[in-house]
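Structure first, commentary second.
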Amino acid sequence: MTNETPELVNEVRAVKMLLILNALALGCQQKHVAAALGISDATLSRMFPKGFAKEIAKVSERRGGVEISA
């Protein structure tokens with residue numbers, strides 16, 4: 001392990017969170033995003049503050065986002 005490893009891990013986690021938020025903002029359902037990640041819907045919910053995913057979905061609706069189904 002190098003000294004950069006913890007930094008890279010944090011960066012990968014940040015990128016993962018941004019991709020999740022992007023998918024939700026595009027209108028993907030939380031359960032579909034969770035399934036794509038191989039985690040439960042509840043686990044994905046715990047990754048964000050309470051009600052956060054619903055707020056992202058509302059923003060998507062206001063912007064005219066299209067729901068993507070799996």
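Near Gln30, within a Cβ-to-Cβ distance under 9 Å, what is the net charge of the other residues, with Lys and Arg +1 and Asp and Glu -1?
+1
When ligands, DNA and RNA are left out and all protein chains stay put, how many square angstrom of accessible area per residue does the chain have with a 1.4 Å probe?
Ligands and nucleic acids excluded, the figure is 77 Å² per residue.
Taking the Cα atoms of the stretch 2-66, what is the range of coordinates along each of the three principal axes, in descending order and whole Å?
Cα extents, longest axis first: 45, 23, 21 Å.
Taking the 0 to 90 degree range and rounding to the nearest ten, how far is the long axis of helix 5-25 tilted relative to the main principal axis of the chain, both from C-alpha atoms?
0 degrees
Give, rounded to the nearest 20 debye, the magnitude of the charge dipole that the chain has about its Cα centre when Lys and Arg contribute +1 at Cβ and Asp and Glu contribute -1 at Cβ.
About 320 debye.
Of the options Ala25, Val9, Leu37, report the single residue whose Cα projects farthest towards the positive end of the charge dipole of the chain (beta-carbon charges: Lys, Arg +1; Asp, Glu -1).
The listed residue farthest towards the positive side: Ala25.
The values are calculated or read from the model by the stated rules, or taken from the named source; none is laboratory data. The structure presented is a predicted model; accordingly, all values stated were derived computationally and were not measured. Glycine gets a Cβ as well: all are built from the backbone with ideal geometry, and neighbour counts include every protein chain shown. Please note that ligands, DNA and RNA were not included when accessible areas were found on the heavy atoms of the full protein model with its side chains. Shrake-Rupley method; radii C 1.70, N 1.55, O 1.52, S 1.80 Å.
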